[in-house]
Amino acid sequence: MTRPLAILFAWTMALGAALFLLAPLMVIAAASFSPTPVFDLPVGGASLRWYARIGQMDGFWPALSLSLQIAALSTALALALGTLAAIAIAQGRLPGAEAIGTFLVSPLMMPGLVLGIALLQYFRAMGFSAAWSALLLAHLVVTLPYVARTMIAGLSRFDFTLVEAARTLGCTYPGAILKVMVPALAPSFLTAGLFAFLASFDNYPVSIFLTDVRTKTLPIKMLQYIEEAPDPTLAALSTLILGATVILLVASDRLVGLHRMAGTGQ
Amino acid sequence: MSQEPIDAASHLVVRQASKRYGATTVLDRVDLAIRRGELVTLLGPSGCGKTTLLRLIAGLALPDAGTVAIAGRDVTRVPPHRRNVGVVFQNYALFPHLSVAGNVAFGLTVRRRPKADIARAVDKALALVHLDHLAARPISALSGGQQQRVALARALAVEPDVLLFDEALSALDRKLREEMQGEMRRILRDINATAIFVTHDQDEALTMSDRVAVMNGGRIEQLAEPRLIYQRPASLFTLNFVGLSTRISGTVVACDGGIVQVDTKVGRLAATGRFLAGSQVVVATRPEHLRPAAGATGNAVSGRVRAVVFQGSRSLVEVGAGGETLLAELPGQEAALLAPDAEIRLAWPVSETFAFPAPEMAA
Ligand SMILES: Nc1ncnc2c1ncn2[C@@H]1O[C@H](COP(=O)(O)OP(=O)(O)OP(=O)(O)O)[C@@H](O)[C@H]1O
Ligand SMILES: [Mg+2]
């Protein structure tokens, strides 16, 4: 194949893949503006009526608030614990550091359903029945691997001569850590937090085993709702969540640069 | 051999500094005295302790014994942030989250200088390294040579008493390195900085420095001007490490007035040195002293041409004689006439021939 043809081919494939990935999202977004109560494309004029109905959904606000609480808290805890663990592991003086690192990350490779059932059994056996706390603990198990993985990678790439350079330039040791190590790890920190938060916020398979009648997270509530009354309200809600995620990503990109977050840049 | 008198005018003085890591002695009673504004290179093989010595001077490591003094002040126990020693690290260690200007301003910001002063100092430092046009760039968007200059500007901006360079040029390609050598020399002269430059590139050491310290196994073998290091090496190690040489081992048969007569496999040779008769020695000279000659005075050896290595205006001729190898550097036209395996007689003056104690046989 000649070079221009190859380039054309590559671009076609890339665009095709992007389209394939984005098409469902675009359809959902389009359907959310549908004027009729079926999932339909808004051909005869757009309407915002489904957006107005989101707030009136039965049990929407408690579910949203629960999901946000659990996601925020589990992310914060995972960031603290995961970072400390990553420091211990990345410094390499811990015997079996690598095994511990793999162990911390292992829940990522486990199907959520298995994790959910296992945690349910475990909490039952312990006689632990508070749904809220059980959810938080379970989500900590879900979010910790994201933080541990990202922070271990970030720290292992961190060049400790930067700290020495800062010291020769007039920083005390704690000052050098604060001025050099913390900002250099900020992208990792942000990435870890972002992934952890999203992983918790849209987790369904683990949460489903640990909720009770009063304690339902948003994804569970949404699935329940679609079984009861499938109308474009859910499409509207999904579009809002999508929008919020995009805003979050763009803000992070502005802050530290997505290429640095993805670890692909220099 | 490094027992230089330590004069009061010295700006940086390291005295009897030792450092061990576990069972290995990395620095062994090192003495080093450097005048203000002088550029000294530390030249030595990998692992001889160059970086460790710099770290002691910068305060990033503590000596087990000995002292470090800067401008008459004993700083042995002073932490790095209160030493005012600038370091340019081998990998530059630039702060990735700051721009070029941010990196250069770092030391001044830490010192809480007024904003206007910082801006002025940053401009000045960047102008010195010809990077004023890149102040706003992120570090990741710089070439290796530019990063190196930012690292230099960052170290210069705080006006350090002493500047240390750890193989600062080794990551650059040859052409850029040579350019930077000249630049650095100019900049260091301009600001009259006392500087130590670590390298294991002998050309860099010889061209850049006021004096060269040849290090080996945690000791400084010789500290002298580049010309002396090359022409009057104090030890076999220095002779080997810096430049090319012909080395022939033999036994001293007579010693008279600083000239020894040595019996070797290629006949009797005379050399400067003082040894007892019967000592095992190595007789050495530099390639440029060897000349094709019929019946010259001084040392002369006949042999056969083994190889001629073309090096531009001059050629290096390898001559085999009685199991030994002689290296002669000859002008291109002269060398061009030499056919491989041709008979040749080489002669060189006794005054350029040196005898060193033979290295002890490995037990
Ligand atoms: N922190 C340390 N712990 C243990 N050994 C060390 C440490 N730092 C250096 N060494 C050892 O000390 C010796 C000298 O190291 P140093 O880094 O000073 O060598 P160098 O002359 O700078 O070598 P190079 O040219 O390769 O940079 C080496 O054998 C090294 O393994
Ligand atoms: Mg080194």
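A short reminder: the numbers here are calculations on the coordinates, not readings from a lab. Since the model is a prediction, treat every value here as computed from it, not as a measurement. Note: ideal-geometry Cβ built from the backbone for every residue, glycine included; neighbour counts use all protein chains shown.
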*asked:* I need the calculated FRET efficiency for the pair A:Phe20 and B:Gln90, taking r as the beta carbon distance and R₀ as 45 Å, to the nearest 0.05.
replied: 0.40
*Have a look at the DSSP beta bridges in the protein assembly as shown and tell me what percent are antiparallel, nearest 5.*
80
*How would you order A:4-16, B:39-51, A:243-255, B:334-346 from highest to lowest mean count of nearby Cβ atoms within 10 Å?*
B:39-51, B:334-346, A:243-255, A:4-16
*lysines within cross-link reach of B:Lys115: Cα-Cα under 24 Å, excluding same-chain residues under 8 positions apart?*
A:Lys179, B:Lys124
*Hey, got the average number of other protein chain Cβ atoms within 10 angstrom for residues in B:78-86?*
4
*Per residue of B:129-141, how many C-beta atoms from partner chains lie within 10 Å of its own C-beta, taken as a mean?*
1
*Dipole magnitude of segment B:218-363 about its Cα centre, charges +1 at Lys/Arg Cβ and -1 at Asp/Glu Cβ only, in debye to the nearest 20?*
80
*Net charge dipole size for segment B:12-240 [Lys, Arg +1 and Asp, Glu -1 on Cβ; Debye, nearest 20]*: 680
*Among B:151-158, B:279-286, what's the highest-first ranking by average C-beta atoms within 10 angstrom per residue?*
B:151-158, B:279-286
*Shielding of B:95-101 by partner chains, average beta-carbon count, 10 Å*: 5
*Run down the lysines and flag those whose C-alpha is under 16 Å from the C-alpha of B:Lys50, throwing out any fewer than 8 positions away in its chain.*
B:Lys19
*Phi to ³J(HN,Hα) by Karplus 6.51 cos²θ - 1.76 cosθ + 1.60 over segment B:340-350, Hz, x for Gly, Pro*: x, 6, 5, 6, 8, 10, 10, 10, 8, x, 5
*Give the peptides B:10-22, B:89-101 in descending order of average Cβ contacts within 10 Å, highest first.*
B:89-101, B:10-22
*So which helices of chain A fit the span-like rule, where a helix is a whole DSSP H run, its Cα atoms reach 30 Å or more along the axis, and its mean Kyte-Doolittle is at least -1.0?*
A:3-31, A:60-90, A:131-157, A:233-256
